[in-house]
Structures are given as C-alpha cells and as structure tokens.
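Asks: Have a look at this one.
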Amino acid sequence: MEGYLGKEVASMVNVCRQTVSHYVSLFNEGGLELLLHRDFAPGREPFLTEEQQEEIKQLVLTTTPVELGWDVASAWNTKLLQSYVEKHFGVCISREALRKLLHRKGLSWTRPTYTLAKGDPDRQKNFEKQIDFIKKT
C-alpha cells in the first residue's frame, strides 16, 4: 500500500496514511481477527496518569493559585497549570494539552465572577427596585 494508493485509500476512509499502513500491517500479520481485535486504546500514552488528571481537576475546582501561594492570579489558567504540573509531576505538557484534558474532564473556562462579600442585602434590594423602576419608565 505504498505511494499514491495509500493516500487514496486514506482519503476514502478519512484517516491518515499512517493509520491505513498500520491497519494493513495488522491484517498481514494476523488477518481479519487481529485487525478487529483491539484491546488497546488508540493513540499515544497520556502524559499524566488518571490519578494525576483527577488531581488537577480537583485542584481547579477547589482551590485558587493564591491559596497555594502563587499570588499572581485569583483563578487558574493553562499557563499556571502548566507550571504546577511541571513542578509537582515533573512533566512538561503544552497549554493546549492541558486545555483538552480539562475539557475531557468536563470543565470549561469561564471568567471569574466577583461577589461583594461586604454588600448590604437591604441596600442591594432597594437598588434593584430603583433600577427596575427606571427601566419601566
């Protein structure tokens, strides 16, 4: 499956040429049985173990960088997480890979919201009433 034929088959089944080549070699080695038997996950081994990935998820959900002594930001971003992963796990991972990891774990980036902890609830309700009245007129 060399040259042009490999490219043509790859485009017909919408996979890369190396994948077609891999499938052909599996078929040549063990026939259809080996080709259909897949007890391994496709793709490269993850940089982080499942436990490490879960630790990062919990870190993002339950702490802020400030709480861990990183007084540079009040919310996690991929640049800070990249530094954290390198420091704690000794693994260099790209920011895009971290973004995808967080997405797979069900997290998505949102802007941090601020609440006024010292706000007076009565004054806030009064203000909301005033704003509603202004909107109606």
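Please treat every number below as a calculation from the coordinates, not as lab data. Everything numeric in this text was worked out from a predicted model, so none of it was measured. Positions of Cβ are generated from backbone atoms using ideal geometry, with glycine treated the same way; all protein chains shown enter the neighbour counts.
Asks: Loop only by DSSP, 10 or fewer other Cβ within 10 Å of the Cβ. Give me the GluC sites (Glu not before Pro) in the range 36-88 that pass, ordered by residue number.
Replies: Filter output for the range 36-88: empty list.
Asks: Expressed in nm to one decimal, what extension gain is obtained for the pair S21 and D71 from 0.36 nm per residue of sequence separation less their Cα-Cα distance?
Replies: Once the chain is fully extended between S21 and D71, it gains 12.9 nm.
Asks: For the range 95-104, what does the Karplus curve 6.51 cos²θ - 1.76 cosθ + 1.60, with θ = phi - 60°, yield as ³J(HN,Hα) per residue in whole Hz, taken in order and with x for Gly and Pro?
Replies: Once θ is set to phi - 60°, the couplings for the range 95-104 become 5, 5, 5, 5, 4, 5, 4, 4, 5, 4 Hz.
Asks: When a/c reaches 1.5 or more, the comparison of a/b and b/c decides; with that in mind, is the range 41-83 rounded, prolate or oblate per its Cα gyration tensor?
Replies: Prolate is the answer for the range 41-83, as a/c is 1.5 or above and a/b outweighs b/c.
Asks: Using θ = phi - 60° and the Karplus relation 6.51 cos²θ - 1.76 cosθ + 1.60, list the HN-Hα couplings for the range 46-61 in order, rounded to whole Hz, with x at every Gly or Pro.
Replies: x, 5, 10, 6, 4, 5, 5, 4, 5, 4, 5, 4, 5, 4, 5, 6
Asks: Right, another one. Quote the convex hull volume per residue of the range 47-137, based on C-alpha atoms, as a whole number of Å³.
Replies: Each residue corresponds to 141 Å³ of Cα convex hull volume.
Asks: Counting only residues 5 or more places away or on other chains, whose amide H sits under 5 Å from the amide H of L107 once H atoms are built in the peptide plane?
Replies: none
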